[in-house]
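Working notes, structure below.
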Amino acid sequence: MKPILITGTGVVSAIGLGKAETLSALLENRSGVGPLVYLKTEHKEFPVGEVKMTDAEMAERLGIPKGAVTTRTALMGMLALGEALEDAALTPDMLPKVGFISGTTVGGMDMSEQFYLDYVNGEAHSEYISVHDCGSCSEMTANHFGKFAFATTLSTACSSAANAIILGANMIRCGEADIVVVGGSECITKFHLNGFNSLMILDTEPCRPFDATRHGLNLGEGAAYLVLESEESAKRRGVKAQAVLSGYGNACDAFHQTASSPDGEGAYRAMKEALQVAGLQTSDIDYINAHGTGTPNNDASESQAMKRLFGENVPPMSSTKPFTGHTTSASGSIEAVFCIMALQHGFLPVNLNWSQPMEDGVIPVSQPTQKELRHVLCNAFGFGGNDSSLLLSKLEM
Amino acid sequence: MENKDLYVLSAKQVSIQQPLDESWMQDPITYAEPYVRSIDPSFKDYVSPIEARRMGKILKRALATSKEAIKASGLESVDAIVTGTGYGCIENTEFFLDALSNEGEQLLKPTYFMQSTHNTISSLVAIQTKNHGYNATYAHKGISFDSALQDAWMQFRLGKINSALVGGHDEMTPTFYKILRKGGVMGLDDEMCGEAAVSVVLGRQSEGALCRLTGFKMLHQPSMNSLMDSVTTMLQTVGKSLSDIDYVLTGISGNHQSDSDYLSECKTLFGGKTLLKFKHLFGESFTASGIGFYVAAQCLKAGFVPASLFVDQERITDKRPSCILLYNHSDGKNCSLTLLEA
């Protein structure tokens, strides 16, 4: 397969604004999950991983005038996209040759849920109606920096950003573009906090993925973008690659709208395909960043999928969701950035809050570990069984 | 890279025209109202009554068009399911927002939430057809279907798949229609809005196919020059020039600004080509471009263009179409070009 280089990354989540803060939190096992501060909701009982800024503070940092129509998802997206573009030395004049693919599901729901009754009955806040949808959110994010060649939006729930990365890679392999910025953004909303609560999959304690006592997930929010680039283009521009996207897989569990199958069929197929695309063996994988939400169902299903694929030799594995909460649509790209950091700095991110092995489960990394890594898998699974897996590799010198 | 021909094996719709057939080609239904809901087929052939009770309309329509399209394609199953939907399952979203706004945060039931995400459609089709293949959903305004088409088209070229179900689905409740007009999103001027569900199957075999898909390109806020370059490159790639195009299918809809942009852009891009429209029969929605794809494919198969589709009544001709270019400029920002050939 034609190598897909990653020449820039940007990230914002509960553990920090930008890569430097993020890396130090990961290395120092500092979680960003805590009591709810920014979202206006009655459900104060749930710990969450919020980005530690108000919308107004983000807008100010981005130089967006007061009163401009924005959404939290778009604002977080801009913070991460700005870092990724700068990291890859992409300036506004170059954007007309660069594609933009973002993943989100809530889009502008943070505003719609506040103003819904006005939309239906009144006239106030009608300027927010046109930014309700996912596509508008992506365009708002992209247009803050210039005119991209094309823009589109993946919406496969919690695997949206991972699928945006896959589409970008296919576009480069097809020769449709040399550079595509891919990723996702998602803020916490009352809509999905209540939705997840009605499904009884939120934990009132900090989440404990792959632990016997796990009892649900903590919601998180954030954004991350990766600059994917063809080898020729990176060479021509003289930019260095941080890592290589060497494989990826997408499969459907085709089991249930909100639950994963007991044998993890979709997850198994997605990881297997990622290995096949990369031409690698299971023994080549040094680390798996699991989807690991902390719900009894996901972690049992994902454990089965890993055992089916890797047998007795499941590589070191962890879920980083106890750091950030479950950042839903953005999790695929946020965790891909964590994996790139792990490859670059040679460490295994810790599965925080873990103490007791679950029945028939996989035991995660629970202690800080320095380790030279060459190939890592990064899983992102969504409602409806939209399962994707990315294979990220160290650049071969 | 695979250069084998790619065929449109089948295309099915549920819309404000008669569902699951092409009677609109002979007897189009015309409406005086600016907004109408789809004419639904009986869903009992596609979903059991017990399951249907819990499903929103968008899901039932998606099952009907998907299952009919797969049946008509002659394939047992497809390698990929890719869906475009601008707003997703908006009826269930509305129910949940309504409860959240009126009843507060303590008594919410999961039913509506479970079927409110955009990817509910694509995954439901996968669950019902037991399909573990590639599955993705695009939600990007008026190019949602186009994005899904592009995804499938690239995977064919990369040799990753040999067949795909590509869908476009949007529903519009009365409340949502009102909100969209208020927000200036659609339904302005003389623009009629309509719900739309369309499913097409793409594959490698020519037997029984409606037409070939030979080119696709998507652009964001393009300049006239870059649009022109894209048209030229697309045609050159398949060894064609502008003179080989018989008709250009536009998204002229009754929105004054958008229509005048279409007319002037088409004049610059395509010279004196005969322009066609379809939104006056099917209505505007974020899935309209999917209906456009269906309309063009059916015209190529039928070997004629119904008189009702001509923008300029004086240009009506019975010339057999062999090459139709679809030009979608959506909201004036997102453009797509699709080339279909007999």
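The values are calculated or read from the model by the stated rules, or taken from the named source; none is laboratory data. Everything quoted here is computed from the prediction, not taken from an experiment. All Cβ positions, even for glycine, are placed from backbone atoms using ideal geometry, and neighbour counts span all protein chains on display.
See the values below:
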quantity	calculated
Candidate set from the stretch B:153-162 (those that are among the aliphatic types (A, V, I, L, M) and assigned to a loop (DSSP other than H, G, I, E, B)); member that is nearest to the other protein chains (Cβ to nearest Cβ)	B:L158
Qualifying positions in the stretch B:94-104 - more than 8 Å from chain A (Cβ to nearest Cβ) and under 24 Å from B:R37 (Cα atoms)	B:E94, B:F95, B:A99
Positions within the stretch A:113-123 being touching a residue at least 12 places away in the same chain (Cβ under 8 Å) and at the interface with chain B (Cβ under 7 Å from one of its Cβ atoms), in sequence order	A:E113
Count of the stretch B:105-115 residues which are facing another protein chain (nearest Cβ under 7 Å) and either on the phi > 0 side of the Ramachandran plot or under 27 Å from the mean Cα position of the chain (by Cα) (or both)	3
Filtered residues of the stretch A:277-296 (kept if in contact (Cβ under 8 Å) with a residue 12 or more places away in the chain and either in a loop (DSSP other than H, G, I, E, B) or within 11 Å of chain B (Cβ to nearest Cβ) (or both))	A:V277, A:G279, A:L280, A:I285, A:D286, A:A290, A:H291, A:G292, A:T293, A:G294, A:T295
Candidate set: the stretch B:83-93, residues that are more than 22 Å from B:T129 (Cβ to Cβ) and either more than 9 Å from chain A (Cβ to nearest Cβ) or free of Cβ contacts under 8 Å to residues at least 24 places away in the same chain (or both); chosen: the one farthest from the chain's Cα centre (by Cα)	B:T93
Residue tally, condition in a helix (DSSP H, G or I) and either at the interface with chain B (Cβ under 7 Å from one of its Cβ atoms) or under 20 Å from A:S136 (Cα atoms) (or both), over the stretch A:161-186	11
Residue within the stretch A:187-201 that is on the phi < 0 side of the Ramachandran plot, of a type in the set (G, A, S), part of a helix (DSSP H, G or I) and more than 10 Å from chain B (Cβ to nearest Cβ) present	no
Residue identified as β-branched (V, I, T), over 30 Å from B:L339 (Cα atoms) and either part of a helix (DSSP H, G or I) or touching a strand residue (DSSP E or B) at 6+ places or on another chain (Cβ under 6 Å) (or both) among B:I81, B:I127, B:I58, B:I70	B:I127
Any chance A:S389 is assigned to a strand (DSSP E or B) and either of a type in the set (V, I, T) or at pLDDT 95 or above (or both)	yes
Only one of B:A126, B:A72, B:A62, B:A80 that is hydrophobic (A, V, I, L, M, F, W, C) and more than 14 Å from chain A (Cβ to nearest Cβ)	B:A72
Which numbered condition B:E2 misses (of (1) within 27 Å of B:C211 (Cα to Cα); (2) at pLDDT 95 or above; (3) within 14 Å of chain A (Cβ to nearest Cβ))	(2)
In the stretch A:140-158, the residues that are over 15 Å from A:L226 (Cβ atoms) and more than 7 Å from chain B (Cβ to nearest Cβ)	A:M140, A:N143, A:H144, A:F145, A:G146, A:C158
For B:G184: the one exception among (1) within 18 Å of B:S330 (Cβ to Cβ); (2) in contact (Cβ under 8 Å) with a residue 24 or more places away in the chain; (3) within 12 Å of another protein chain (Cβ to nearest Cβ); (4) of a type outside the set (S, T, N, Q)	(2)
Flag for B:D318 being assigned to a loop (DSSP other than H, G, I, E, B) and either within 14 Å of chain A (Cβ to nearest Cβ) or at positive phi (or both)	no
Qualifying residue in the stretch B:133-152 (condition: among the aromatic types (F, W, Y), under 29 Å from A:I129 (Cα atoms), at the interface with chain A (Cβ under 8 Å from one of its Cβ atoms) and in contact with a strand residue (DSSP E or B) (Cβ under 9 Å, 6 or more places away or on another chain))	yes
Candidate set: the stretch B:218-234, residues that are within 11 Å of chain A (Cβ to nearest Cβ) and among the hydrophobic types (A, V, I, L, M, F, W, C); chosen: the one farthest from the chain's Cα centre (by Cα)	B:L219
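Condition check ((1) in contact with a Phe, Trp or Tyr (Cβ under 6 Å, 6 or more places away or on another chain); (2) within 14 Å of another protein chain (Cβ to nearest Cβ); (3) farther than 22 Å from A:L5 by Cβ; (4) crowded, with 24+ Cβ neighbours inside 10 Å) across all residues:
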{"site": "A:R72", "(1), (2), (3), (4)": "no, no, yes, yes"}
{"site": "A:G82", "(1), (2), (3), (4)": "no, no, no, no"}
{"site": "A:T91", "(1), (2), (3), (4)": "no, no, no, no"}
{"site": "A:L95", "(1), (2), (3), (4)": "yes, yes, no, no"}
{"site": "A:T104", "(1), (2), (3), (4)": "no, yes, yes, yes"}
{"site": "A:H125", "(1), (2), (3), (4)": "yes, yes, yes, no"}
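Here is a yes/no grid of residues against (1) within 22 Å of the chain's Cα centre (by Cα); (2) assigned to a helix (DSSP H, G or I):
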position: A:L39; (1), (2): yes, no
position: A:R61; (1), (2): no, yes
position: A:M76; (1), (2): yes, yes
position: A:G107; (1), (2): yes, no
position: A:F115; (1), (2): no, yes
position: A:V120; (1), (2): no, yes
